[in-house]
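Take a look at the structure below.
The values are calculated or read from the model by the stated rules, or taken from the named source; none is laboratory data. Every value quoted in this text rests on a predicted model; they were computed, and no experiment measured them. Glycine also receives a Cβ, built like all others from the backbone with ideal geometry; neighbour counts cover every protein chain displayed. The protein model used for the area step is the full one, side chains on, heavy atoms only, and it has no ligands, DNA or RNA in it. Shrake-Rupley method; radii C 1.70, N 1.55, O 1.52, S 1.80 Å.
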Amino acid sequence: MLDSHIHPLPSEPVSLSPTLEHLRALYPSSLEGEERLRELEALLSSAPARAPLAERMEWLEELARWLQSPGAPPSRRGRLAPVESAGSARLRLLVEVLGELPAWCESLRGVVASVLAETSALGLLTEPGLSAGRGLLGEALTRLGRRLVPPAPDERGLAPLVWRLFPGGEGRAWLEAVSEEHVAALCALLRAPTFAPLHTAVEDAVSVLAVRASALGLASDVLARLPPAPLEQSPFVRLPRVCEALREKVGEREREACAETLAGCRAAAQVVLSHLHAHAVDTDLVYRLEQLGHTLDRLEALLGLLAPDGTRPTSCAATRLLSSLVRAYAEERSLGGLFRGGVRCIWRRIFEHTGEVGRHYITTSEDEYHRLVTAAAGGGLLTTCTAALKLAITFAALPLFFEGLASATNYALSFMLIQLLGFTLATKQPSMTGAALAASLDVKARDKELSGLVERLACITRSQLAAVFGNLGAVVATVTGVGLVLQALRGAPLLETHEAEYVVRSLHPFRSGTILFAALTGVLLWCSSVGGGWLENWVNYRRLPEALARHRGLIALLGEARARRLGEALARNACGLGANVSLGLLLGMTPALGRFFGLPVDVRHVTLSAGTLTFAGTALGPERLMEPDFLWAVLGIAVVGVINLGVSFSLGLSSAVRARGLAPVGFLSLVLAVFTGGLRSLSEFVLPPRTLLPAQRPASPYAVRSAARPCSSLRGGQENG
């Protein structure tokens with residue numbers, strides 16, 4: 001059927017005249033310009049109109065390479081050379097020569113028409129950048145498979161030829177820089193019947209993409225996040241119908257119906273995306289929404305070719321579409337680009353939640369400051385037991401895996417108990433307060449105001465110091481008392497002398513790996529906050545609290561009221577559960593995993609290290625506390641605290657800044673402004689805020705509630721550890 005659209009080829013060999021001498025007369029030039037004419041004459045005179053398909057494709061590739069080569073061609077005698085790129089100038093020369101030499105134009109027309117008729121453009125129009133119904137994981141496996149095992153060549157597909165004609169960024173740059181006037185002139189010389197197979201392919205691609213977009217928009221998880229409405233009114237149901245109507249009859253009414261339906265589909269996709277941002281994010285659903293957007297964009301471009309509005313030549317719209325196809329083909333080969341959109345979306349969601357949690361660790365009044373110190377003291381008190389068990393596990397000589405598992409269980413249970421009792425650990429705060437600061441930076445960056453940042457950093461710093469002093473003061477005092485009591489009851493300290501000396505040596509800031517281990521622990525602390533945010537997002541996306549509250553088995557076992565309270569408890573504590581369990585596993589299993597691979601890896605947590613050093617001090621006796629090794633170990637505790645908090649805070653802040661898309665230059669200017677203001681108000685970074693009368697209090701930069709329950713869900717009134 002497509003063969004009928006081929007322009008008839010000449011029955012006799014083409015007579016190539018006028019000769020090169022005539023071209024030289026029309027285009028007087030330097031030796032370099034004459035070389036361009038020779039190359040073009042050699043190409044056009046050797047057009048293989050009746051050769052096999054592979055040879056015709058190879059000839060078109062040579063012509064495309066000539067058009068995209070550097071070096072401007074000569075200009076015609078009597079005409080000023082226009083200001084244009086080398087590629088556009090070469091296309092101009094080709095158009096002018098074809099206009100002067102109808103035989104060469106006829107040969108080129110025959111080659112192009114026969115190649116288009118013998119190949120299929122449907123894959124070219126519907127595949128690049130579009131997953132064809134595959135989900136995120138399926139697309140990732142497909143791309144990885146293409147890297148490991150190259151796909152079989154498609155000899156009848158037009159797409160491989162196009163990728164060879166316009167390779168990589170150079171081909172895309174040429175398409176974007178070429179003159180629309182020259183493209184329109186070349187298409188006019190080749191004549192409309194030459195492109196009839198492409199017109200048929202565009203019609204088929206419109207039908208295929210309309211059905212794909214409809215299927216993506218009618219997925220159950222998409223419909224569940226749209227406002228209730230009859231399915232017949234959905235734009236995704238109408239989309240294939242209006243596209244088919246436009247394909248059958250091109251008119252203004254059909255064009256407007258397609259434009260209105262496409263706009264409705266985009267609006268519906270935006271509603272779903274907004275729902276995800278407000279509640280919970282799923283990377284696969286975000287990826288499918290991105291694919292839906294790309295499919296609608298491609299469909300709109302194809303409809304513009306099928307039913308042009310007359311404002312611009314169709315050839316110009318086709319060139320823009322071809323450029324977008326080349327770009328999409330280059331981008332779809334990247335695994336990083338595949339995950340970028342979904343990961344960025346869930347990354348922002350995680351740090352928005354951790355920022356909300358971080359606000360509850362920030363004190364803005366004296367009363368909140370004292371409550372935070374009390375909560376931190378409770379955390380230090382419970383850490384005494386954790387430190388004692390840590391020492392017992394360390395010196396028990398357990399097998400490697402069971403030592404890591406016992407340590408992880410010890411840490412996780414301790415951290416969860418601290419959360420359930422309303423206490424806090426200083427090291428869990430920095431990554432979350434960093435995300436809270438990034439949220440305020442986002443607002444201030446939009447408002448172009450920097451005046452409130454010093455106040456925010458002062459609130460964060462003094463709150464962090466309060467938690468550190470509360471933790472360390474309580475753990476040192478409690479461990480000292482417990483150690484003395486145990487020594488009096490047992491007649492011997494908890495640690496042997498050589499074990500206590502090992503603890504002291506292991507905390508030396510320069511003769512051990514304390515600094516590196518403290519930095520690693522800071523990274524693990526940040527990872528645990530990400531784990532908590534991810535679990536909270538997953539619980540909300542799967543609607544587990546509602547599922548538990550309505551689970552028939554739980555209702556039969558616990559009763560309806562208890563099942564509902566269990567769901568509410570999960571909603572409140574999902575973040576804390578994820579952060580505590582992940583932190584316990586990371587702190588416990590990282591040293592065991594490192595030693596499994598022969599790496600001397602360990603962790604240094606400031607509160608736990610202070611507890612173990614205090615146990616060592618009680619075992620060594622007061623006469624050894626002023627020795628240089630012990631004093632160096634005390635300095636090591638201070639170094640561990642600074643590095644733990646600094647690394648965790650820096651990672652939390654930088655990750656949240658990137659997730660929110662703040663510009664690096666703006667971020668640097670904010671840092672300079674903060675340091676400049678901080679030097680003028682150093683006391684605000686250390687001392688608790690003084691109590692003011694209600695009428696004297698300024699508006700708080702953070703909505704802070706009780707520090708005894710520092711983690712709070714995004715749903716108002718529900719607290720989250």
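The table below lists the values:
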{"read-out": "Residue among V326, V373, V357, V343 that is aliphatic (A, V, I, L, M) and touching a Phe, Trp or Tyr at 6+ places or on another chain (Cβ under 6 Å)", "value": "V326"}
{"read-out": "Residue list for the stretch 92-115, restricted to those being farther than 18 Å from A192 by Cβ, open to solvent by 10 Å² or more (accessible area, probe 1.4 Å) and of a type in the set (A, V, I, L, M, F, W, C)", "value": "A103"}
{"read-out": "Qualifying residue in the stretch 278-299 (condition: within 21 Å of the chain's Cα centre (by Cα), open to solvent by 20 Å² or more (accessible area, probe 1.4 Å) and under 20 Å from V202 (Cα atoms))", "value": "yes"}
{"read-out": "All positions within the stretch 358-372 that are open to solvent by 50 Å² or more (accessible area, probe 1.4 Å) and closer than 23 Å to V476 by Cα", "value": "H370, R371"}
{"read-out": "Subset of the stretch 185-199 [open to solvent by 40 Å² or more (accessible area, probe 1.4 Å) and part of a helix (DSSP H, G or I)]", "value": "C187, A188, L189, A192, P193, F195, L198, H199"}
{"read-out": "Restricting the stretch 174-184 to residues that are in contact with an Asp or Glu (Cβ under 9 Å, 6 or more places away or on another chain) and among the small types (G, A, S), the residue that is surrounded by the fewest Cβ atoms within 10 Å (Cβ to Cβ)", "value": "A177"}
{"read-out": "Failed item in (1) modelled with pLDDT of 85 or more; (2) open to solvent by less than 10 Å² (accessible area, probe 1.4 Å); (3) under 21 Å from G522 (Cβ atoms), with A436 passing the rest", "value": "(1)"}
{"read-out": "Residue within the stretch 613-633 that is under 26 Å from G434 (Cβ atoms), in contact with a Leu (Cβ under 7 Å, 6 or more places away or on another chain) and touching a residue at least 12 places away in the same chain (Cβ under 8 Å) present", "value": "no"}
{"read-out": "Single condition L494 does not satisfy, out of (1) open to solvent by 20 Å² or more (accessible area, probe 1.4 Å); (2) in contact (Cβ under 8 Å) with a residue 12 or more places away in the chain; (3) under 24 Å from G646 (Cα atoms); (4) out of contact with any Asp or Glu (no Cβ under 7 Å at 6 or more places or on another chain)", "value": "(3)"}
{"read-out": "Considering residues of the stretch 116-137 that are at pLDDT below 90 and among the small types (G, A, S) only, the residue surrounded by the most Cβ atoms within 10 Å (Cβ to Cβ)", "value": "S131"}
{"read-out": "Only one of E499, E546 that is among the acidic types (D, E) and free of Cβ contacts under 8 Å to residues at least 24 places away in the same chain", "value": "E546"}
{"read-out": "Filter pass, R253 being surrounded by fewer than 18 Cβ atoms within 10 Å (Cβ to Cβ), modelled with pLDDT under 90 and either under 30 Å from V343 (Cα atoms) or more than 20 Å from the chain's Cα centre (by Cα) (or both)", "value": "yes"}
{"read-out": "Residue list for the stretch 491-524, filter: over 40 Å from the mean Cα position of the chain (by Cα) and of a type in the set (G, A, S)", "value": "G491, A492, A500"}
{"read-out": "Subset of the stretch 138-171 (residues that are open to solvent by less than 60 Å² (accessible area, probe 1.4 Å) and charged (D, E, K, R))", "value": "E139, R143"}
{"read-out": "N573 touching a residue at least 12 places away in the same chain (Cβ under 8 Å), open to solvent by less than 10 Å² (accessible area, probe 1.4 Å), part of a helix (DSSP H, G or I) and within 21 Å of Y541 (Cα to Cα)", "value": "no"}
{"read-out": "Of residues in the stretch 209-231 being assigned to a loop (DSSP other than H, G, I, E, B) and either in contact with a Gly (Cβ under 6 Å, 6 or more places away or on another chain) or within 15 Å of D284 (Cβ to Cβ) (or both), the one most open to solvent (accessible area, probe 1.4 Å)", "value": "A224"}
{"read-out": "The one condition in (1) in contact with a Phe, Trp or Tyr (Cβ under 9 Å, 6 or more places away or on another chain); (2) open to solvent by less than 20 Å² (accessible area, probe 1.4 Å) that S654 fails to fulfil", "value": "(2)"}
{"read-out": "Lone qualifier among R564, R595, R552, R542 - being open to solvent by 80 Å² or more (accessible area, probe 1.4 Å), within 25 Å of A408 (Cβ to Cβ) and not aromatic (F, W, Y)", "value": "R595"}
{"read-out": "Output for the stretch 412-433, where each listed residue is assigned to a helix (DSSP H, G or I) and open to solvent by less than 10 Å² (accessible area, probe 1.4 Å)", "value": "F415, I418, A426, T427, P430, S431, M432, T433"}
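Here's the yes/no breakdown for (1) of a type in the set (D, E, K, R); (2) within 29 Å of G533 (Cβ to Cβ):
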position	(1), (2)
L321	no, no
F351	no, yes
L382	no, yes
C385	no, yes
K390	yes, yes
L398	no, no
